[in-house]
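Okay, so here's the structure we're looking at.
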Amino acid sequence: MKFLVAFDSFKESLSGFEVGEAVRAGIEIATPQESIRNCPISDGGEGSMEALLSNFHAEEKSVTVHDALMRPIVAKYLLLDKYTVFIESASCIGLANIPKEKRNLMKVTSFGLGEQMRDAILAGYRNLIISLGGSATNDGGLGMLQALGWEFYDANDQLIDTSTNPLLHVHSFSEQNKMPELKSCSITILSDVSSPFYGKEGAAFIYAGQKGATSEQILHLDCGLEKLANILKSKYDVDVQNIPGSGAAGGLGGSIVAALNGVMKSGIDTMIELTNLEKYIIQSDIIFTGEGSLDKQSLNGKVPIGVAQLAKKHNKMVIGLAGRVDTDLNEMNQYLDAFFSIQTECRTLEEALAKEITHLQLSKTAEQIVRLMNARIGIH
């Protein structure tokens, strides 16, 4: 049998590649003679660059920019060809870069992402692919636009500086100093969410709490996003509220579409294409996939479903593994032949997320599944 392991990261524990290596180790114990390919995959969020680097050669470029709290950070982006770069927003303004005790959505900004884009544009690249997942921000993308030359003003016509979240004060803006090179740029956005810009299903209400915002702060942020949507519509004649995914990364999706003529694409579909995953699936017999949590959100453009749908197109067996599995997931059965939680004993969340524990649990679970398969078909 030929095995393919294609995992997203287990957030706050292992990267997609590390998860795949743990599963590979378990399979090798049960069937040391079999072929196993580790092909990490992402839905356009954290781990996207790693997935691309694991599947084909691409040059990395390092640049010093700012994280979401405007602290200097060295981030990387990929040079896919002489015209195209791939920028993972989480590499500079990612939530993982901000300690929990310092997470404050009233202060964070997407300025660093704009700096990465600016660096690539000044280097001559004109096709920018930007993955939005994993950001620490909820500024409607205004920080990013500031880095590209936009100037935002408050109700007193005072210029808003770049040291904090500009969304809370914006009343008007000028784009007279924006980078002229943007006119010749094509920007593609990768997202795994369909959230609108504002409202009960929007960026603030759905995701701000996960980034450390209080209930009161969520209300302020949502109000700011609604106001910004009206400003953008007045200037660009684009109603970002009606664009699925405009609420991605705290509203970055909406601003890129409205102000930069960006095109929104499915993160998982684009990553499958970029990593040549379908070719590897065709060459395999059994596919292992998964992410940190298999739940209702997994059904909305996440890695396990994207991988499973492609595998089923070619009549392959698909097995899902996750750190956590919802008990009410009947819909998952139409995609995955079977799915398992890797937990084998009671642990605190902190213990369960420890790298060595996650690696061990993945390996042991994969080993036992393959041993069962071998017993079923008479392999010892």
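The values are calculated or read from the model by the stated rules, or taken from the named source; none is laboratory data. From a predicted model like this one, the values you see are computed outputs, not experimental measurements. When we count neighbours, we look across all protein chains shown, and the Cβ atoms used for this are built from the backbone with ideal geometry, even at glycine.
Need the failing condition index for Asp161 against (1) closer than 20 Å to Val65 by Cα; (2) in contact with a helix residue (DSSP H, G or I) (Cβ under 8 Å, 6 or more places away or on another chain), just the number. Result: Asp161 passes all but (2). Look at (1) assigned by TED's automatic domain parsing to the domain that holds Arg37; (2) in a helix (DSSP H, G or I); (3) of a type outside the set (A, V, I, L, M, F, W, C); (4) more than 25 Å from Ser131 (Cβ to Cβ) and you find that Glu216 fails only one, number (1).
With respect to being surrounded by 24 or more Cβ atoms within 10 Å (Cβ to Cβ) and hydroxyl-bearing (Ser, Thr, Tyr), Ser246 fits the description. The residues of the range 156-197 that are of a type in the set (D, E, K, R), free of Cβ contacts under 8 Å to residues at least 40 places away in the same chain and closer than 21 Å to Ala249 by Cβ amount to a single one, Lys178.
Does at least one position in the range 123-142 carry a residue that is over 24 Å from Glu175 (Cβ atoms) and out of contact with any helix residue (DSSP H, G or I) (no Cβ under 9 Å at 6 or more places or on another chain)? Checked against the condition, which is being over 24 Å from Glu175 (Cβ atoms) and out of contact with any helix residue (DSSP H, G or I) (no Cβ under 9 Å at 6 or more places or on another chain), the range 123-142 yields no hits at all. Checking Ile36, Ile87 one by one, the residue that is within 24 Å of Lys355 (Cβ to Cβ) and touching a residue at least 12 places away in the same chain (Cβ under 8 Å) is Ile36 and no other.
Could you tell me whether Val65 is crowded, with 17+ Cβ neighbours inside 10 Å, among the hydrophobic types (A, V, I, L, M, F, W, C) and assigned to a helix (DSSP H, G or I)?
It is false that Val65 is crowded, with 17+ Cβ neighbours inside 10 Å, among the hydrophobic types (A, V, I, L, M, F, W, C) and assigned to a helix (DSSP H, G or I).
The residue that is modelled with the lowest pLDDT, counting only those in the range 135-155 that are within 16 Å of Gly254 (Cα to Cα) and either outside the structural domain of Leu190 (by TED's automatic domain parsing) or not hydrophobic (A, V, I, L, M, F, W, C) (or both), is Ser135. Taken together, the criteria exclude Gln158 from residues that are more than 21 Å from Ser266 (Cβ to Cβ), at pLDDT 95 or above and touching a Ser or Thr at 6+ places or on another chain (Cβ under 6 Å). Taken together, the criteria exclude Asn276 from residues that are at negative phi and not aliphatic (A, V, I, L, M).
Taken over the range 297-312, residues that are over 17 Å from the mean Cα position of the chain (by Cα) and either touching a residue at least 24 places away in the same chain (Cβ under 8 Å) or within 26 Å of Leu349 (Cα to Cα) (or both) amount to 4. Examine the range 192-215 for a residue that is over 26 Å from Lys296 (Cα atoms) and either at pLDDT 95 or above or over 20 Å from the mean Cα position of the chain (by Cα) (or both), and state whether such a residue exists. Checking the range 192-215: not a single residue is over 26 Å from Lys296 (Cα atoms) and either at pLDDT 95 or above or over 20 Å from the mean Cα position of the chain (by Cα) (or both).
Among the residues in the range 24-38, are any out of contact with any Phe, Trp or Tyr (no Cβ under 9 Å at 6 or more places or on another chain), in the same structural domain as Ile281 (by TED's automatic domain parsing) and buried (at least 24 other Cβ atoms within 10 Å of the Cβ)? Yes: the range 24-38 contains one or more residues that are out of contact with any Phe, Trp or Tyr (no Cβ under 9 Å at 6 or more places or on another chain), in the same structural domain as Ile281 (by TED's automatic domain parsing) and buried (at least 24 other Cβ atoms within 10 Å of the Cβ). Within this structure, Arg126 passes the test of being closer than 20 Å to Gln146 by Cα, touching a strand residue (DSSP E or B) at 6+ places or on another chain (Cβ under 7 Å), among the basic types (Lys, Arg) and assigned by TED's automatic domain parsing to the domain that holds His169. If you go through the range 333-380 and keep only what is over 26 Å from Ala311 (Cα atoms), out of contact with any Asp or Glu (no Cβ under 8 Å at 6 or more places or on another chain) and among the aliphatic types (A, V, I, L, M), you end up with Leu349, Ala352, Ala354, Leu360.
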